[in-house]
1. Any chance you could check the Cα centroid distance between region 177-235 and region 22-100 for me, in angstrom?
2. In nm, give the distance between the simple-model label positions of residue 95 and residue 13, each being 7 Å from the Cα along the Cα-to-Cβ direction.
3. If you bin the C-alpha pair distances of the chain every 20 Å from 0, what whole percents do you get?
4. With both partners inside region 213-346, how many of the DSSP beta bridges are antiparallel, as a percent to the nearest 5?
5. Using square roots of five times the C-alpha gyration tensor eigenvalues, list the equivalent-ellipsoid semi-axes of region 32-77 in whole Å, biggest first.
6. If each of residue 230 and residue 310 carries a label point 7 Å out from its Cα toward its Cβ, how far apart are those two points in nm?
7. Would you mind getting the Kirkwood hydrodynamic radius of region 235-332 from its Cα pairs, rounded to one decimal in Å?
8. Considering only protein heavy atoms and a 1.4 Å probe, what is the carbon-and-sulfur percentage of the accessible area of the chain?
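The values are calculated or read from the model by the stated rules, or taken from the named source; none is laboratory data. Please read all numbers here as calculations on a predicted model, not as lab measurements. No Cβ is skipped: glycine too gets one built from the backbone with ideal geometry, and neighbour counts run over all protein chains shown. Protein only, heavy atoms only, side chains kept; ligands, DNA and RNA dropped before computing areas. Shrake-Rupley method; radii C 1.70, N 1.55, O 1.52, S 1.80 Å.
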Amino acid sequence: MECSSDWKWQIANRITTREQLEALIELTPEERAAFDGGTPLPFAVTPYYAALLGNAALRRTVIPTDAERHTGAGELADPLGEEQHRATEHLIHTYPDKALFLATTHCSTHCRYCTRSRLVGKNSGASPPFAESFQYLEKHTEIRDVLVSGGDPLTLPDATLDALLSNLRKIPHIRTVRIGSKVPAVLPMRITEALCALLRKHRVWLSLHFTHPAELTPETRSACRRLSDHGIAMVSQTVLLKGVNDDSQTLADLFYGLLETNVKPYYLLQCDPVRGSAHFRTPVEKGIGLIRSLHGRISGLAVPQYVIDAPGGGGKVPILGTEQIHREGNEIIVVNYEGKAFRYPDTEARAKGS
Ligand SMILES: *Cc1c(COP(=O)(O)O)cnc(C)c1O
Ligand code: SF4
C-alpha cells in the first residue's frame, strides 16, 4: 500500500458509499438509515481518516446519522447569509476590510456539521477561472485581508494554488492572505515539501480546522512541523460540538496538542445553525463555561476566542461571558476559572451622563 502515502491516491480512493464504509466498520441502524434516506451533504472520507474512525468522537463528525435529516428551529441552509453578501462567483464580502474567497467546493472529507453543506461536494461553480473575482478585489481597495476557503483550497493542484496566490499577491492593497483548510487533519500527506515552499513563497497564513485531539496523529503532527519549519504561521479553528469536544479536558488536550505543533488556537466557534445541526449544537452557556474553565488553568497561548458567527451575516462576535464581570461602585468584580471573585479598581471612565 505504498500509494496510500500519496495524497492524490487518497482523494481518488475516497470512501463515499455505505458499502465501502461497511467493509471497514460496522454501522448502527441509525447510521444505515441516514445513508438509505439520503442527506443534504454527501458522505466522503479519505482512507487515511477512515482508519481513525475507531474513535467515537471522530466517527460522529463524519458519519451521517438520521438526526441530520431533521431541520431544527431557526436552522437554515445558509445560516451566515453568505449568499446575500456574494460579490462575485467566488467572493463573499461581509466585512468591510476582508473578503472570503471560495476557491473550490471540493473537500477530501466531509464534516457533518459543515456550514457550507449547501455547496460542499456539489459542482456548483467556485472553480477557476477567477478573473472576475480578481477584478473585484483590485477595484475594492478597502480589502486588506483575503481568506481563501471553500471547500478546502489545499485539495487544489499546486499549479492552481500558485496562480491564485500570485494573482492575490499582485494586488497592492491586499496585505494578508490566509488559507482555511482541514487538510493537515484529514489528508496530511498533502503537505509536501513543494506545497510548503509554495505557501512560503506567497507568505500565506494557514487557518486550520481541528475538532478533537485524536486528529493529532504522528502524520498530522509531522505535517504541521513541516509547515512550521518552512516558516508558515498557523492558527486553528474548532467548532464546539456536542458529544465530540464539549468537555474541558478534551479541549485542553486539543489546544495543548496544537500549540506543541506550533498552531495557535484562534477561534472556538459556536456551531452554526445549519440545517440538520441540532444534535451537534450545545447551549451557549456551555461554551462560556468551557472557555472560563480553560482561562487560567491552561497556558494562555492555548486558549482560543469563543465566538458566535452572527446568523444572517453579522460576522463573528466574541462571547465574553458577561456574568464574569460586574461593577460595584468604582470596582470591577472579575470571576476567574475557579469561580473566585477578584476586585479591580476601575478608573473614573464611567462619569455620570457620558
Ligand atoms: C470568518 C470570516 C472572515 C475572517 O474573519 P476573522 O475574524 O478575521 O478571522 C472573513 N469573511 C467571512 C465571510 C468570514 O466568515
Ligand atoms: S473541511 Fe470545512 S468546508 Fe470542508 S466539509 Fe469540513 S467544515 Fe465543510
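1. 22
2. So the label points at residue 95 and residue 13 sit 4.0 nm apart.
3. Spelled out bin by bin, the chain gives 28, 58, 14, 1 percent.
4. Details: 13 of 24 bridges.
Around 55 percent of the beta bridges assigned by DSSP in region 213-346 are antiparallel ones.
5. Equivalent-ellipsoid dimensions as semi-axes: 22, 12, 10 Å.
6. 3.7
7. Details: mean 1/r = 0.0699 Å⁻¹.
Taking the inverse mean of 1/r over all distinct Cα pairs, region 235-332 comes out at 14.3 Å.
8. Details: 8580 of 15910 Å².
Here it works out to 54 percent.
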